[in-house]
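Data block below; observations after.
Quick note: the coordinates plus some simple rules give every number you see, no bench work behind them. Nothing here was measured: the structure is a model prediction, and the numbers come from that model. Ideal geometry is used to build each Cβ from the backbone, glycine not excepted, and the neighbour counts take in all protein chains shown.
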Amino acid sequence: MPKAIPEGLRTVTPALTVDGCAEAIETWKKAFGAEERFRAPDPSGKKIWHADLRIGDSIIFCNDTMPEMPQTPRQARLWIYTEGVDRAFQRAKDAGLNVAMPPADMFWHSLPTAARRPKPQFVALEPELEEADIRVSEGEMEK
């Protein structure tokens, strides 16, 4: 009997439609150490029909926008949990991502940060948190 979840995948796998998929992949390689596992270019070789990437222990799919496909690019958020958020943030900046919010302690999490590609795309880097880091008390969140 075939497996319900293919080898190496999880129950949910995000699929991102982006303008400039090849450029996005190269940025993700530099910024997040993404490993490209598979790429299916269109017949012209200029666009990507499907790509399969690994970031950490997670897989994402991505493809270019194409007139013959009903998918349109939308802003998407990738929450990347990692140790060494400051180093990861600097690596993302060095890869050309624009800073939307630098690392900082916030009432809802410790050290979230946001970086955007020049085209609409959003990535948040998060350190691993312990449950004790966040408490809800009297309707307010406090650290």
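Taking Lys and Arg as +1 and Asp and Glu as -1, the other residues whose beta-carbon sits under 10 Å from that of Glu36 total +1. Give the calculated FRET efficiency between Leu78 and Lys3 to the nearest 0.05, with a Förster radius of 22 Å applied to their Cβ-Cβ distance. Once the sixth-power term is evaluated, E becomes 0.30.
Summarising the amide proton neighbourhood of His50: residues at separation of 5 or more, or on other chains, whose placed amide H is nearer than 5 Å comprise Ala40.
The fewest-to-most ranking of Leu97, Leu78, Leu16 by surrounding Cβ atoms within 10 Å reads Leu78, Leu16, Leu97.
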